[in-house]
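I have placed the structure first, in the form of structure tokens, so that the comments after it can refer back to it.
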């Protein structure tokens, strides 16, 4: 299912039509379900025949968009391939000769040519550009902090193919470091082996777009949030754990009793060979626990540090705190004036942040059981797309207003740092110990920055390992010994890319920037 058929734009954002259409249902499903939009599909004044006709037209539009996208992608591949052939055909030698007074005649031979006289105006323009660039670099480098700075190397190492529609979210597991989870608009969640790129498990229990996926802090358990208005909790089958870890042991006995029916796991012919490499994943068809209380799409889900509670954020303008084992709502978090986009819990304390289309994010404090507090932060001018904690008691928020802001939990009256970027920000991620912020953008780029706002690098873009549509989410993996750290990026081109980020710290004396 393509994202182009996922509903009407509410008109509350100035972002492109594609970006904000995040409805998890097809057009025809609006006749039978409560839509978060007051649009034509829920208007009783329109006859059912007209609604059916509109549904058919939208299906045709979807097919046309898909056709155009595939044609564009094929043309881009051809252009990149021709470019690489030209670059590798010996033009380097020709370019060196061109600098010595030789020009290419178009068929591989060269002939002598006299250099053209450069006008005084062009010479002056070049001089001004050189002087301006040097002064700008000197000015920018003056903000580079003395002491320690990061030196980063980035290497692409893996592509994970298999999803049939755009990917909303991805996360890595602490319990099984070699496991990567992804959530997609194709109604499925997948678990991948980081090293081999194989899809080990496909979860098909949701009836709408899967918008979020998070691993349990300590056990082989996964939670997912979906456009069908529910959040699901499901356990990894022991056979999958054996395959991934190559250890014929059973899951931790201390984990909650969320055992599933063995009939829910299947290796039949239904979609088991749909990975790009033909690997045969397990199919998990139903959850161990289903959390049902929201009246809108569940856009984000996260575990609290104790692993017994889950927080969900929904398009019904609320977040809910759940008892995961009992599937009951502990508390409903109300106050946002518009749909929620993201939620995140602190890694060691009972703190939760929720982000919303109302251009605010809220901090919920549950550290005192008898009394909880909430703080509202209005530092952004547009939709807050994500807000996350770091290990240094810092909150980082990203927005459609093309900024990322860094906030100190001890004093959140004003941000510590405001980072201005050239494109809207999606679901960002912070490395656990280095505190490097990976920022995915609508313009297909991913930037790496430190907490002071210093831009370390942006991920390289090459023909075979770059995103062709918006990058919707990023996630850091654990430390990989001498390989550094893994970083994963996902986008609406259906790609998940794996990167090895190697960073070292260099000492910079004062006055030597």
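The values are calculated or read from the model by the stated rules, or taken from the named source; none is laboratory data. Quick caveat: nothing in here was measured; it's all calculated off a predicted structure. Every residue, glycine among them, receives a Cβ derived from its backbone with ideal geometry; neighbour counts consider all protein chains shown.
Restricting attention to the range 173-200, report how many residues are modelled with pLDDT of 95 or more and under 18 Å from residue 233 (Cβ atoms).
Selection size over the range 173-200: 8.
Kindly indicate whether any position in the range 444-456 is part of a strand (DSSP E or B), in the same structural domain as residue 175 (by TED's automatic domain parsing), at pLDDT 95 or above and within 20 Å of residue 165 (Cα to Cα).
no
Does residue 231 satisfy the criteria of being outside any loop (DSSP other than H, G, I, E, B) and either at pLDDT 95 or above or assigned by TED's automatic domain parsing to the domain that holds residue 340 (or both)? Steps first, answer last, please.
Numbers: outside any loop (DSSP other than H, G, I, E, B): yes; either at pLDDT 95 or above or assigned by TED's automatic domain parsing to the domain that holds residue 340 (or both): yes.
Yes.
For the range 334-364, give me each residue that is surrounded by fewer than 22 Cβ atoms within 10 Å (Cβ to Cβ) and under 23 Å from residue 216 (Cβ atoms).
If the condition is that a residue be surrounded by fewer than 22 Cβ atoms within 10 Å (Cβ to Cβ) and under 23 Å from residue 216 (Cβ atoms), then 347, 348, 349, 350, 351, 364 are the ones that fit.
How many residues does the range 189-215 hold that are surrounded by fewer than 24 Cβ atoms within 10 Å (Cβ to Cβ) and part of a loop (DSSP other than H, G, I, E, B)?
9
In the range 313-345, what residues are in contact with a strand residue (DSSP E or B) (Cβ under 8 Å, 6 or more places away or on another chain), assigned to a loop (DSSP other than H, G, I, E, B) and free of Cβ contacts under 8 Å to residues at least 60 places away in the same chain?
Scanning the range 313-345 gives 317, 318, 327, 335, 336, 337.
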